[in-house]
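The values are calculated or read from the model by the stated rules, or taken from the named source; none is laboratory data. All values reported here derive from a predicted model rather than from experimental measurement. Every residue, glycine among them, receives a Cβ derived from its backbone with ideal geometry; neighbour counts consider all protein chains shown. The area values use the complete protein model at the heavy-atom level, side chains included, leaving out ligands, DNA and RNA. Shrake-Rupley method; radii C 1.70, N 1.55, O 1.52, S 1.80 Å.
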Amino acid sequence: MYSNISVESTGCCIWTYLCGILFKIAGRSAEVAHLSWAQGVAGSNPVAPTKGTDLIEKIIEFAREKMSSDPSHGFDHVIRVVRFCDIIGKAENADMEILIPAAYLHDIARAIEDQNPTIDHAKEGSKIASGFLIDLGYPKVKEIAYAIEVHRFSTGIIPETLEAKILQDADRLDAIGAMGIYRTIVYSVSNDIGFDGMIEHFEKKILKLKDLMYTETAKHIALKRHELVLNFVQSLREADTAPF
């Protein structure tokens, strides 16, 4: 009764199922860690010292509602980018009133691009964020919108402001290291690009990110994360060519 089910297709189904479980675990872990982080900063509120946490909470809710269902670009990814921005921004003396909202809102148009690939989620997200922040009465809308507009890796845009550079760095840091490996595997399974396609994605994009960081803080963080990905890809290559 199972003669028509290939080992390859069965393996793919199992792998997809396991990736789904890992996605849920990673997403929940990120949510818990974010809750702890948010509670930790709520008192002194270094994120938006002049406007208060109430506006930030509204920004968080808006971002959460707009996020794509893409497992490699979900709200857990946003949370990690925000945390990287918090670390790098403080070290580099960035304007956190610009940086943190931009981090929360940087992927709000991903779902729109998923439905229509001709739409650039960075540009569209910048427009949506502008309208939302103006209605909210949040300051520095132009600067936030700019950081969102130029954050995308594939456009190759060199940002002009410190906050936009940090957002790019933070977004790229989440694409390398252990979480970057996980996200690349999920992306590969979701888009059915196969083993060779996954290796190509690692080599043509992920392994280049270390040398594309702008800030010294991000460059330092990237070193260990890059090494982990490099070792993983080399191990995959060896496993693929090893004799049975």
Any chance Pro117 is modelled with pLDDT under 95 and under 19 Å from the mean Cα position of the chain (by Cα): yes
For residues in region 148-162 being among the β-branched types (Val, Ile, Thr) and more than 25 Å from Leu230 (Cα to Cα), which is surrounded by the most Cβ atoms within 10 Å (Cβ to Cβ)? Ile148
In region 191-231, residue modelled with the highest pLDDT [restricted to those that are of a type outside the set (D, E, K, R) and farther than 17 Å from Arg172 by Cβ]: Asn231
Report every pair of residues separated by at least 6 positions or lying on different chains whose Cβ atoms are under 8 Å apart, first residue within region 203-229 and within 15 Å of Tyr187 (Cβ to Cβ) and open to solvent by 70 Å² or more (accessible area, probe 1.4 Å), second aliphatic (A, V, I, L, M) and in a helix (DSSP H, G or I). Glu203/Val233
Thr118: among the polar types (S, T, N, Q) and within 25 Å of Thr215 (Cβ to Cβ), yes or no? no
Suppose we keep only residues that are within 21 Å of Gly89 (Cβ to Cβ) and in contact with a Lys or Arg (Cβ under 6 Å, 6 or more places away or on another chain) within region 105-128. Which one would you say is surrounded by the most Cβ atoms within 10 Å (Cβ to Cβ)? Ile108
Give me the residue from region 66-83 that is open to solvent by 30 Å² or more (accessible area, probe 1.4 Å) and not in a loop (DSSP other than H, G, I, E, B) and, out of that set, nearest to Tyr187 (Cα to Cα). Arg80
Search result, residues across region 163-179 that are under 19 Å from Leu99 (Cα atoms) and open to solvent by less than 10 Å² (accessible area, probe 1.4 Å): Ala164, Ile166, Leu167, Gln168, Asp169, Ala170, Leu173, Asp174
Which condition number does Gly131 fail, the rest of (1) touching a helix residue (DSSP H, G or I) at 6+ places or on another chain (Cβ under 8 Å); (2) open to solvent by less than 40 Å² (accessible area, probe 1.4 Å); (3) modelled with pLDDT of 95 or more being met? (1)
Qualifying residue in region 180-189 (condition: more than 18 Å from Arg80 (Cβ to Cβ) and either modelled with pLDDT under 90 or surrounded by 16 or more Cβ atoms within 10 Å (Cβ to Cβ) (or both)): yes
